[in-house]
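Quick one: the structure is below, and I'll ask about it shortly.
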Amino acid sequence: MKKHNYSAGPCILPQEVFEKSAQAILNFNNSDLSILEISHRSKDFIAVMEEARALVLELLGLENKGYQALFLHGGASMEFLMVPYNVMKVDGKAAYLDTGTWANNAIKEAKHFGETVVVASSKEDNYNHIPTNYSIPSDADYFHCTSNNTIFGTQMKSFPTTNIPVVCDMSSDIFSRILDFSQFDLIYAGAQKNMGPAGTTLVIIKESLLGKTGRTIPSMLDYEKHIKAESMYNTPAVFPIYASLLTLQWLKKLGGISAIEKINQAKANLLYSEIDRNSLFKGTAAVEDRSNMNATFLLHDESNAPIFDKLWKEAGISGLPGHRSVGGYRASMYNALPLESVQVLVDVMKELEAVCSVPSQLAE
Ligand SMILES: *Cc1c(COP(=O)(O)O)cnc(C)c1O
């Protein structure tokens, strides 16, 4: 039986995406060829790329607003350097909000290109909240933030208003909730958290942001070259892009982001209310900043870990241990994780409570 997959990434995808992907590997569009062996310049794949790029903008409400969607390589980590390369001016500066490991990695790369101002950080509190009350220098070339902190389980519920361009790493919550996406000038996301399999990176750029740095940019790192080549400057990741398209089509059929947002809210409410109710558990993130995608929690008493681990494994749950830098548990509830899977986890947490409340077992 299919596991209840709480993996933080690569993540669970809709079952119909697995089925259609499997079919396309055997025979893509009745071409008697596998998607793994067709040319990326074939008519059928160009149609996939065009539909995927258009559907991204449609789902985010960014059509006809001067944005381009690209499917690139190198993961979100490559964007940590492509962003400053393409947007930070020579002798310019950039402003970053430090909300976790990934934000920190982005900051490290930006420092190679110029002055990098960290406007605020929650590092001293092991990133258990999103900083507030910071100011963004109005002379920076852009402000960079991370909408959802996959490792620490925090999520930005609102974004600062500023006169400078805003760049956002949305790897782990893109397409999960309604936002005014036009407040961002550049959004990027590794596919493998909430959109598709590993191997491609989605970048959405307002074209007016580009071409202002005064830098010479190597071709493969130049967003303008990728836009001009319609996201086919070199061989794109054909199969991951196809599987991403299938996921986007699934999302559209479901009713788009507003529909999935309701389901994601229901999943998060169900799990967090159990974390708060059940005295054996404790959430690690500040309540107001809790992520609807990655819920991080601990057992008050570590000695209950072996029995809890046994119970959730027996219930068919997979991928629950927390990131090695935080420990405890992390339930990643990406778009394709059904509400029923969250109910299974909540039932296991209640079962642990029942087991632990039997005095004879505690005495043993
Ligand atoms: C996973 C993750 C990354 C790194 O993604 P790669 O595609 O592995 O480079 C960056 N940012 C966030 C928020 C992530 O969750």
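The values are calculated or read from the model by the stated rules, or taken from the named source; none is laboratory data. These numbers were taken from a predicted model, which means no experiment stands behind them. Positions of Cβ are backbone-derived with ideal geometry, glycine not excepted, and every protein chain shown enters the neighbour counts. Just so you know, the surface numbers come from the protein's heavy atoms only, side chains and all, with ligands and any DNA or RNA stripped out. Shrake-Rupley method; radii C 1.70, N 1.55, O 1.52, S 1.80 Å.
Please count how many residues of the range 3-38 are touching a residue at least 60 places away in the same chain (Cβ under 8 Å) and part of a loop (DSSP other than H, G, I, E, B).
Selection size over the range 3-38: 13.
Can you name the residue in the range 86-128 that is hydroxyl-bearing (Ser, Thr, Tyr) and crowded, with 22+ Cβ neighbours inside 10 Å and, of all such residues, is nearest to the ligand (Cβ to nearest atom)?
Filtering first and then ranking leaves Thr99.
Across the range 151-163, what is the number of residues that are in a loop (DSSP other than H, G, I, E, B) and either of a type outside the set (Gly, Ala, Ser) or more than 17 Å from the chain's Cα centre (by Cα) (or both)?
Number of matching residues: 9.
Here's another thing I want to ask about it. Of Ser31, Ser77, which residue is within 16 Å of the ligand (Cβ to nearest atom), open to solvent by 20 Å² or more (accessible area, probe 1.4 Å) and of a type outside the set (Lys, Arg)?
Ser77
Enumerate the strands (runs of 3 or more DSSP E) found wholly within the range 57-129, keeping only those where 2 or more residues are under 24 Å from Tyr233 (Cβ atoms).
67-72
Also: Let me spell it out: the conditions are (1) within 16 Å of the ligand (Cβ to nearest atom); (2) at positive phi, and Gly190 meets all of them except one. Which number is the exception?
With respect to (1) within 16 Å of the ligand (Cβ to nearest atom); (2) at positive phi, Gly190 is out only on (2).
Still on this structure, please answer the following. Which one is farthest from the chain's Cα centre (by Cα) among residues in the range 304-334 that are closer than 15 Å to Leu271 by Cα and in a loop (DSSP other than H, G, I, E, B)?
Leu320
Another one. For the range 5-31, which positions are over 29 Å from Lys43 (Cβ atoms) and of a type in the set (Val, Ile, Thr)?
Ile12
Tell me which residues, restricted to the range 335-364, are open to solvent by less than 40 Å² (accessible area, probe 1.4 Å), modelled with pLDDT of 95 or more, more than 23 Å from the chain's Cα centre (by Cα) and not β-branched (Val, Ile, Thr).
Within the range 335-364, Met349, Leu352 meet the criteria.
Tell me whether the range 200-211 contains one or more residues that are in a loop (DSSP other than H, G, I, E, B), more than 16 Å from the ligand (Cβ to nearest atom), open to solvent by 10 Å² or more (accessible area, probe 1.4 Å) and over 14 Å from Leu59 (Cβ atoms).
The answer is yes, given that some residue of the range 200-211 is in a loop (DSSP other than H, G, I, E, B), more than 16 Å from the ligand (Cβ to nearest atom), open to solvent by 10 Å² or more (accessible area, probe 1.4 Å) and over 14 Å from Leu59 (Cβ atoms).
Further, regarding this structure: Scan the range 167-192 for residues that are open to solvent by less than 10 Å² (accessible area, probe 1.4 Å) and under 17 Å from Pro84 (Cα atoms) and report the count.
Counting residues in the range 167-192 that are open to solvent by less than 10 Å² (accessible area, probe 1.4 Å) and under 17 Å from Pro84 (Cα atoms) gives 9.
Go through the residues of the range 164-175 one by one and say whether even a single one is touching a helix residue (DSSP H, G or I) at 6+ places or on another chain (Cβ under 7 Å), among the hydroxyl-bearing types (Ser, Thr, Tyr) and either assigned to a loop (DSSP other than H, G, I, E, B) or within 16 Å of the ligand (Cβ to nearest atom) (or both).
Yes - at least one qualifying residue is present in the range 164-175.
Can you tell me which condition Ser21 does not meet? The list is (1) under 20 Å from Thr247 (Cβ atoms); (2) touching a His at 6+ places or on another chain (Cβ under 9 Å), and all the others hold.
Here Ser21 clears every test but (2).
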